[in-house]
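Read the structure below first, then the notes.
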Amino acid sequence: MTSLIAERRFREIVPPLLDDAYTLAKWLSQSPTDAEDIVQDAALRALSALATVSVDRPKPWFLAIVRNAAMTFMARNRRKTLAYAGDMADLDALDARRDDAAPNPEQELIAMQDGERVRQAIASLPSPFLETLVMRDVNGLSYREIAEATETPVGTVMSRLARARAMLARMLRSEP
Amino acid sequence: MTDRDPDERRLKLNAALDGELDPMASVAFEREMRDDPALAAEHRRLSALRDAVRRHAPREAAPQALRDRIAALAPAPSPQAAAPAATAVPLPRRTWLDARALALAASLGILGFAVGAGLMSLRAPSGAGGVAQSLVSDFARAAIAGQPFDVASSDRHTVKPWLADRTTVSASIVDLAADGFPLAGGRIAVVGRVPAPTLVYRHNEHLVAVTELPLDMKGAGAAGGIETIDGYHVARWTDANLAFIAVSDMDEKALAEFVAAFRHEGRQPAKEGR
């Protein structure tokens, strides 16, 4: 018997978060149709989870499910690899000091006006940085909520976000 | 900024931008920006970037088709049935501390409650049907309120005295754990203004509530077989001393097994009674 209480809680929690969920799924999968499949899968997972768990903070809770559903989906469909394969330190090293190169604020400001360029730059971020940036600036989660949703320490969230923005700035600064 | 470490500087800039610095750190940071034009410029750059991300990568509306599919996963009860359910019994979520109780309550539902309680008033209960109807209603209400029983115990030696203190019927409590129906607790049902002991047994995620009535009570007579009232299955039988009415959200077959087990155990010499 499907749990009707779970269904009631589902109706309270999930529909208000669908825009956030869909947007996150779309960024992670880079595909509107995949995003729909991912959100649908996440909704099913949420429904069955709600039979046994009580949820204090629905947003990070549901977005965590969306993120995990996206990872499963991407792995199964062999699209883009969501989890970064190499050591995280490699990425950090890759990015680290290059930001110290003389900034070109003008170039950057011009590029920022170009929505397509900004979106492409975001989309090209490696997934740990992408998800952190999207959860922060698109979904509006706090650092603590991002940490909860990505099962990552807050310190890591902070450094990923800082690096995501630094990478973004660098991409926008360079010639298209 | 006093810290020489560019990483730390960058983290602090971002945290300030995201409003994640505590008040004291914010004050200190604003002072640092005043004293350090390079830091202030970096802050402006970063905040322009953040604004650009927000502007060009806004939250998008989920397609209506997706919304519809997801709404269909948990359809709302029909409006006329849902309205009384929503207002009559505000669900005491915080009292569901026990995950098991939650799971139990979860196995029942709004629809059952809505039908049981909502449509109840439209009917005129009378006679045997009336008693069963009111017990079904009790069952649905107790389940939806998250309190399928008033005394929660799998130990009949706990449940029995609790019931004995509150009713005039000496409850016959049988141990059916070996048959797959462990005792979950007991509560009092009020039938025709008389408190009647009700035993609640568990079967997987389902519940069965057995109310025991004096044989001579109007409407307590045995109807035999299993009937369906408002989507719940109801079984009635009698023994030498008592009439029994069992209400459950289990399927018919499982309820029949329960009744057979209950009657069988009830006949054993070890039967609990006074």
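The values are calculated or read from the model by the stated rules, or taken from the named source; none is laboratory data. Note that this is a predicted model, so its numbers are computed, not measured. Cβ sites come from the backbone with ideal geometry, for glycine too, and all protein chains shown count toward neighbours.
Assorted remarks:
- Any chance residue B:33 is modelled with pLDDT under 90 and over 30 Å from residue A:41 (Cα atoms): no
- Only one entry of A:168, A:161 meets the criterion of being closer than 20 Å to residue A:115 by Cβ and touching a Leu at 6+ places or on another chain (Cβ under 7 Å), and that entry is A:168.
- Qualifying residue in region A:44-52 (condition: modelled with pLDDT of 70 or more, hydroxyl-bearing (Ser, Thr, Tyr), farther than 30 Å from residue B:249 by Cβ and assigned to a helix (DSSP H, G or I)): no
- Unique match (being surrounded by fewer than 16 Cβ atoms within 10 Å (Cβ to Cβ), in a helix (DSSP H, G or I) and modelled with pLDDT of 90 or more) among A:107, A:120: A:120
- As a summary of the residue check, residue B:7 satisfies the conditions (1) over 14 Å from residue A:161 (Cα atoms); (2) at pLDDT below 90 except for the one numbered (1).
- Test result for residue B:187, modelled with pLDDT of 75 or more and either among the basic types (Lys, Arg) or surrounded by 23 or more Cβ atoms within 10 Å (Cβ to Cβ) (or both): yes
- The set of residues in region A:123-158 that are surrounded by fewer than 18 Cβ atoms within 10 Å (Cβ to Cβ) and assigned to a helix (DSSP H, G or I) comprises A:123, A:144, A:154, A:155, A:156.
- Subset of region A:128-148 (residues that are out of contact with any Pro (no Cβ under 6 Å at 6 or more places or on another chain), more than 12 Å from residue A:163 (Cα to Cα) and away from every other protein chain (no Cβ under 11 Å)): A:131, A:135, A:147
- Pair list, Cβ < 8 Å and 6+ apart or interchain, from region A:64-76 residues that are closer than 14 Å to residue A:128 by Cβ to residues that are crowded, with 20+ Cβ neighbours inside 10 Å and among the charged types (D, E, K, R): A:67/A:131
- When residues of region A:1-43 are limited to those that are in a helix (DSSP H, G or I) and small (Gly, Ala, Ser), the one nearest to residue B:76 (Cα to Cα): A:6
- For region B:237-246, a residue qualifies if it is of a type outside the set (Gly, Ala, Ser) and in contact with an Asp or Glu (Cβ under 8 Å, 6 or more places away or on another chain), and the qualifying residues are B:242, B:244.
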